[in-house]
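Data block below; observations after.
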């Protein structure tokens, strides 16, 4: 663009209320201040894919939030992870306005006369800027950012009205991605509710025993026993573990048996059911943990800090996972949905988190994932469950693929819009 000018985050955060600041110090906000409800506190773990998420959010009392008022986020603020994954940031939306910027984060407030916050957020989440952040962070073991580093982030900015137009185009693509995410939440909730009813609560059996009306089709209803056995599961079912229907870590690349190139999935890029990033490597350059062979239909569960939710269903071929995953492969393809539901249920992730030990890096052995308890029914019930849930899981995976394609298109558009290679009107047509 002809009016594109170089600037920095520090320059556009000066004047008119703009600022760059850290979250409250540890002496201002103690562990004992957190509670189960109140004002949400944004931590690095709540920044994901350019969004602020509620998974694992902490809360403080309104009185504490008022005391720390200068750290409360406003609409359009950009929240950065201060340590660890320092290339993560998210723009505060109307929902998060008033939440607290946590101790592990930094906050940048843009001067609206100098830049559009949404445009700046997209710019900072662009690969080139994220690389800059990683390269300029302080510390090797635990990279850290500070206000000085943030102030120097280089940006390229056209006039503000053009920034708004660019942000609107990219936001339209993000809206489609968000729609897919919400649809997936609904589909996953349906699958998990059915699993809970059949395999945990034993709803059909209890209903039969208590003489309540059937709520499944007659052919399905007839498959369920009408009473529980002495072991607490429906008569004829077996109280067992996932070892009865799945294998653990069935394939591993070896020194003499490996591909020249691989697509690597790490724990840090796998969150709450989503493989957020796949990194290509030549074998010689790949991390030493890139050893687990992943096949479509596998379920992967992170064994290091399992409470972080590093789990997912594998829906695409030619992936290699970290040895930090427990890889579960169903013995019979039909049972992939049962394995996924059981291994990644919120209750099981909580169980693994309680089992984890090891100080700074609490972990469980992969066998702990395989030992997830499950009541194994007849093959006919397993087949019926697969027929009902597999289409939901396949739809979820299709939405994920579409969202990754949309995200790639969005990321490719930004530099072209900035350079003028593509006009805003052309991009609007592409995003429609």
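The values are calculated or read from the model by the stated rules, or taken from the named source; none is laboratory data. Since the structure is predicted, the reported quantities are computational estimates derived from the model, not experimental observations. Here the Cβ is made from the backbone with ideal geometry for all residues, glycine too, and neighbour counts use every protein chain on show.
What to note about this one:
- Scan of region 136-154 for residues that are modelled with pLDDT under 95 and surrounded by fewer than 12 Cβ atoms within 10 Å (Cβ to Cβ), ordered by number: 139, 140, 141, 142
- Qualifying residue in region 207-214 (condition: part of a loop (DSSP other than H, G, I, E, B), assigned by TED's automatic domain parsing to the domain that holds residue 369, out of contact with any helix residue (DSSP H, G or I) (no Cβ under 8 Å at 6 or more places or on another chain) and surrounded by 13 or more Cβ atoms within 10 Å (Cβ to Cβ)): no
- Considering only residues in region 140-154 that are more than 16 Å from residue 19 (Cα to Cα) and in contact (Cβ under 8 Å) with a residue 60 or more places away in the chain, the one that is farthest from the chain's Cα centre (by Cα) turns out to be 154.
A quick yes/no check of all residues on (1) modelled with pLDDT under 95; (2) within 19 Å of the chain's Cα centre (by Cα); (3) farther than 21 Å from residue 294 by Cβ:
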| position | (1), (2), (3) |
| --- | --- |
| 311 | no, yes, no |
| 335 | no, no, no |
| 344 | no, yes, no |
| 357 | yes, no, yes |
| 368 | no, no, no |
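- Residue-level analysis places residue 157 among those that are surrounded by 18 or more Cβ atoms within 10 Å (Cβ to Cβ), over 27 Å from the mean Cα position of the chain (by Cα) and over 19 Å from residue 337 (Cβ atoms).
- Output for region 250-283, where each listed residue is touching a residue at least 60 places away in the same chain (Cβ under 8 Å) and in contact with a helix residue (DSSP H, G or I) (Cβ under 6 Å, 6 or more places away or on another chain): 276
- Wholly within region 346-432, helices (runs of 4 or more DSSP H) carrying at least 2 residues that are touching a strand residue (DSSP E or B) at 6+ places or on another chain (Cβ under 6 Å) and either in contact (Cβ under 8 Å) with a residue 60 or more places away in the chain or under 28 Å from residue 121 (Cβ atoms) (or both): 366-370
- Boolean, residue 250 is touching a strand residue (DSSP E or B) at 6+ places or on another chain (Cβ under 6 Å) and either within 30 Å of residue 84 (Cα to Cα) or modelled with pLDDT of 95 or more (or both): yes
- Given (1) in contact with a strand residue (DSSP E or B) (Cβ under 8 Å, 6 or more places away or on another chain); (2) closer than 29 Å to residue 141 by Cα; (3) in a helix (DSSP H, G or I), number of the condition residue 326 does not satisfy: (3)
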